Amino acid sequence: MVLSRFWLVIFISSIVFVVVSLFSANTYTIDYVLNGKKDDPILISEKMPEQLPLFIKDSIKNAPDQTMIVNRDTLNADTTYVFKNKTVKIYSGVQKSDGLLPTCKSTLLDLVLPLMAYLAFFCGLMELLIISGASGKLAKALSPVFVKVFPSIPKNHPSISYMTLNFAANFLGLDSAATPFGLKAMESLQEINPEKDKASDAQIMFMCLHASGLTLIATSIIGYRAAANAANPADVMLPCIITSFIGTIAAFLIVGIKQKINFKSASLVLVLITLIAAIIGLLMYVNQLDLVGKNYFTSNLSALILIAIIAFTLIFSFWNEKKFTAASTTVFDAFVVGANNGVKTGVTIFPYVLGMLVAISLFRNSGLFEIISNGIAFIFSNMGVSKEITDALPVALLRPFSSAGSRGFLIDSMNTFGPDSLTARLSSIFQCSAESTFYVIAVYFGSVNIKNTRYALGTMLLVDVICVITAIFVASWFF
């Protein structure tokens with residue numbers, strides 16, 4: 001219900017804002033909201049040639065393509081004059097994201113189809129883990145801990161192994177593997193959910209822990225910084241780990257208090273201490289490496305572990321081939337069945353993802369997001385927050401809505417302020433320390449047709465705020 005109302009508010013407010021802007025003459029055309037593409041120039045006016053200043057009219061006339069560009073060195077903004085069909089079209093600025101119709105197309109071609117391919121492959125592997133008995137063994141080994149965090153889950157339930165693989169993939173920055181494992185976990189949890197259209201306690205806890213974004217190897221962030229020629233691309237690694245870890249603890253405490261979980265459990269304390277020790281140990285190891293060593297380590301660890309998971313699955317399945325024979329199938333046929341289920345899951349979640357991304361596209365292109373972003377930055381600046389921090393806030397504000405959009409702001413901040421500036425480093429931490437909340441909600445709950453997400457959305461947004469505040473303090477401390 002909360003998600004539905006939020007979606008409606010975004011859609012309706014954006015439409016109202018666009019229409020008001022058009023009829024109040026603040027916007028010349030709204031076609032770009034429907035048909036425009038990201039980074040396309042925006043048409044702000046159209047005039048007859050005789051209405052233009054003489055020097056512009058002459059410049060257009062003498063230009064080979066009858067186009068004149070006045071760059072920001074002259075008028076503090078890129079403005080392009082194009083003579084076409086007896087009028088001069090004036091463009092200024094660029095579009096923030098794809099329009100509504102291109103978003104529909106790109107959601108299917110660039111997002112859902114690749115996601116379906118990932119789902120097919122990893123769901124195929126999950127089927128092998130199930131039939132071979134590996135997932136059952138993993139669930140049995142981790143049950144003492146998981147029954148404390150998820151008291152409503154029966155001991156040795158298959159969802160435990162799926163959640164473990166999802167957390168491990170997120171931990172290592174393996175996004176392509178994390179989503180299929182996570183969707184399989186949601187499907188498994190849905191089997192024991194007494195109210196099928198309402199999120200269970202276990203599903204909410206899983207979603208909030210997943211969305212808190214605990215990441216050990218920030219591979220993509222390091223890659224962006226290396227491409228921008230940062231002096232030490234991996235120098236944000238420790239701040240990212242600290243911020244995402246605090247976010248994960250916050251998510252666990254908030255949901256745990258709501259669900260009345262026993263935090264004094266010895267097994268929970270032991271796991272927490274082990275996790276902290278592992279993070280500290282890895283950081284100490286990475287810290288003693290030189291720049292080349294850090295880049296080599298961070299770029300290969302995640303890939304090696306993913307390959308190890310795939311190899312283990314196949315070898316273990318071959319070793320236990322008798323179980324496949326007993327189930328009247330083969331290893332390859334079982335993989336195909338699992339892959340087919342993954343494709344079906346991709347088809348199921350497509351409408352949910354489409355609805356959310358189209359709303360976000362309209363929200364950004366309407367200009368409403370920019371007004372809200374500038375307003376928040378203004379408030380922060382009047383509170384004495386430095387400009388370096390407020391310049392990074394667009395990444396934090398857009399991250400819950402769109403990973404691609406916030407990534408665009410991140411890259412822009414590195415290009416504008418330099419990769420080693422506080423703004424660029426803080427933007428990197430923002431990008432790394434949280435998930436795309438609304439996308440995750442749409443995908444995961446949509447995959448099992450849950451309509452009532454209860455307090456999941458509110459908790460995830462609160463954790464996002466905690467991560468933003470933590471990131472500001474951590475970045476200020478480190479840099």
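Annotations
- Listing of helices (runs of 4 or more DSSP H) fully contained in the range 1-63 that carry 3 or more residues being modelled with pLDDT under 80 and out of contact with any helix residue (DSSP H, G or I) (no Cβ under 8 Å at 6 or more places or on another chain): 54-62
- Single residue of the range 376-393 satisfying the filter (modelled with pLDDT of 85 or more and part of a helix (DSSP H, G or I)) that is nearest to Ile466 (Cα to Cα): Leu393
- Phe378 vs. criteria over 21 Å from the mean Cα position of the chain (by Cα) and not polar (S, T, N, Q): yes
- Scanning the range 228-245 for residues that are over 20 Å from Gly293 (Cβ atoms), under 18 Å from the mean Cα position of the chain (by Cα) and among the β-branched types (Val, Ile, Thr) returns a single hit, Thr243.
- For Lys258, the conditions (1) closer than 16 Å to Gln431 by Cβ; (2) open to solvent by 60 Å² or more (accessible area, probe 1.4 Å); (3) touching a residue at least 40 places away in the same chain (Cβ under 8 Å) all hold with the exception of (1).
- Checklist (1) under 30 Å from Ser200 (Cα atoms); (2) β-branched (Val, Ile, Thr); (3) outside any loop (DSSP other than H, G, I, E, B) applied to Ile450, failing item: (3)
- Some residue of the range 344-356 being among the hydrophobic types (A, V, I, L, M, F, W, C), under 23 Å from Ser132 (Cα atoms) and either exposed (fewer than 15 other Cβ atoms within 10 Å of the Cβ) or in contact with a Lys or Arg (Cβ under 6 Å, 6 or more places away or on another chain) (or both): no
- Any hit, the range 431-453, residues being more than 27 Å from Lys198 (Cβ to Cβ), modelled with pLDDT under 90 and in contact with a Leu (Cβ under 8 Å, 6 or more places away or on another chain): yes
- Of residues in the range 282-339 being more than 25 Å from Tyr162 (Cβ to Cβ) and among the charged types (D, E, K, R), the one surrounded by the fewest Cβ atoms within 10 Å (Cβ to Cβ): Asp290
- Check on Ala250, part of a loop (DSSP other than H, G, I, E, B), open to solvent by 10 Å² or more (accessible area, probe 1.4 Å), among the small types (Gly, Ala, Ser) and at pLDDT 80 or above: no
The values are calculated or read from the model by the stated rules, or taken from the named source; none is laboratory data. Note that the coordinates shown come from a computational prediction; the quantities given were computed from them, not determined experimentally. Every residue, glycine as well, gets a Cβ built from its backbone with ideal geometry; the counts of neighbours run over all protein chains shown. In case anyone asks, the SASA skips ligands and DNA or RNA and just uses the protein heavy atoms, side chains included. Shrake-Rupley method; radii C 1.70, N 1.55, O 1.52, S 1.80 Å.
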